[in-house]
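Single-structure report; data block below.
No value in this document is a laboratory result; all are computed from the given coordinates. Here the structure is a predicted model, which means the values were calculated and not measured. For neighbour counting, all protein chains shown are included, and Cβ atoms are generated from backbone atoms with ideal geometry for every residue, glycine included.
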Amino acid sequence: MSKETKLHKKPAFEDSTSIVPCDILYFILINLPVKSLLRFRSVSAPWNSIISEEEFTKAHRDHSKALGRKKLLLQRAFTSEFRFMDLEISPQVAIERQLFPLKIFNDDHDVLCSHDGLVLLKKRKSNKTFILWNPSIRQQRTLLCPYLEAYDDDDERILPYGCGMCYDSSTDDYKIISIYNEFYVVWSMRNSNCWTAKITLPIVKQSLFSLSGTTNSGTYYYGQGISTEDCVFWSLNQELDHLVCKASTVIYFDVKSDELKVLPKPKFISEDDQLFRLTTLKGCLCLYGGKTADELNIWIMEQDGWKWLMKLCDVPLGFCEHYFERYSELLYCRGNGEIVFKGPTKYHFSIYNPKQQRFVTKVCISNNFEYEYPPVTLCLDSLYFPRLSVMHEEE
């Protein structure tokens, strides 16, 4: 069905008081950021109706993805305050402050992962309680996993090693994956918003150590999966993280089959001292790194396999020194082609210009060391939130 045909099937959008044709008005609205659309819902009942329709929220989500409307989510240490940083604005980064809407959680939550504007959090003192949150529209839903009910609420055996979220466009379904030592659980929006449990891969059982007695749930680092359109990826070492070397095994969750699988290791990862990181770049799975401190190659996975994209030149010494720590990450490709990195310290971002083949900007995020950075989460500016049986909205 064409977009024009869809427009004529929206009688609620016909507004007799508007002098702008509905087709033009629709395309104006679809190009606006969420903050403006939330204000425009109060213009009239027809405007509120169309902006609130699920079809419009999905179309706006897809359009925002195409435009690269992503913000960086940072959490202030030991509080429920978040800040959202627009990476498209140069040279300074715009900051928007927001408090987490569920006040009963206060500062008692950890960010696990995000995808398409949806953020998954876990109640820090309860390993069974997850929260699905869209910070752009301030809607959230609490998700309780029944397969974890046999354990005590704070049992470290049910601390997730890795978490991820992805979207199956063929079935219009969002899924959440949480991996433990003996099993993993999957939440499906489309399948009656329910959980299923499956036995994990043997290689995961063999590689992951027991958390009992070795981990503090308040400081434990959760392996945030790298999400593409239909998969979530982790690198398996002694934990699920983003570092990839010769001894690593890259595993992924296939949204079509709901199974964990092993990804064949790229041939360019062949030497013992080569280290790479997993991330996404322009919607594709990406590996970046190299065998020496001054070498930084970027590869992306396309339909026909891995493709070398570029080699970064004049990499700052300080950046390399911190390169393989968790706060040095390739975050984002801006609309002008510049690449945003987290580094050279955890309180800075660096912007690399491929045309000039050098780092052109370094932005200081904070001078008072008040923000937690691992994991860094990109969040799409989106109106969309899954239509669940119960939804809450911040007043």
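If the segment from Cys284 to Glu259 were pulled out straight at 0.36 nm per residue, it would be longer than the present Cα-Cα gap by 7.0 nm.
Approximating the spin labels as points 7 Å out from Cα along Cα→Cβ, the Lys311-to-Lys246 distance works out to 2.0 nm. The peptide list 331-338, 236-243, 40-47, 136-143, put in order of mean Cβ contacts within 10 Å with the highest first, becomes 136-143, 236-243, 331-338, 40-47.
For the pair Ser52 and Lys291, what calculated FRET efficiency results from E = 1/(1 + (r/R0)^6), where r is the Cβ-Cβ distance and R0 = 45 Å, to the nearest 0.05? List each step's numbers first, then the result.
Numbers: r = 53 Å, r/R0 = 1.18.
So, using R0 = 45 Å, E works out to roughly 0.25.
Residue pairs exceeding 27 angstrom between C-alpha atoms, taken from Lys125/Lys261; Lys35/Lys58; Lys198/Lys307; Lys256/Lys291: Lys125/Lys261; Lys198/Lys307; Lys256/Lys291. Computed over neighbours whose Cβ is under 14 Å from that of Val255, the net charge equals -4, Lys and Arg +1, Asp and Glu -1. The Cβ shell under 13 Å around Leu144 holds other residues with a net charge of +2, Lys and Arg each +1, Asp and Glu each -1. Between amide H atoms placed 1.01 Å from N, distances below 5 Å from His348 occur with Gly343, Ile365, all of them 5 or more places distant or on a separate chain.
With Cβ to Cβ distances under 12 Å as the rule, what net charge do the other residues near Glu338 carry (K, R +1; D, E -1)? All intermediate terms of the calculation are to be shown ahead of the outcome.
Details: positive: Arg334, Lys355, Arg358; negative: Glu88.
Surrounding charge for Glu338 is +2.
Would you mind putting 304-313, 378-387 in packing order, based on average other-beta-carbon counts within 10 Å, highest first? Please report the intermediate quantities before stating the final value.
On the way: 304-313: 13.6, 378-387: 20.7.
Sorting 304-313, 378-387 by mean packing, highest first, produces 378-387, 304-313.
I'd like the distance between the alpha-carbon centres of the stretch 181-210 and the stretch 142-163, rounded to an integer number of Å. The two parts, judged by their Cα centres, are 11 Å apart. Taking label positions 7 Å along the Cα-Cβ direction at both Val363 and Asn191, the computed distance is 4.0 nm, reported to one decimal. Each of the peptides 200-208, 54-62, 263-271, 171-179 was scored by the mean count of other Cβ atoms within 10 Å over its residues; in descending order, highest first, they stand as 171-179, 54-62, 200-208, 263-271.
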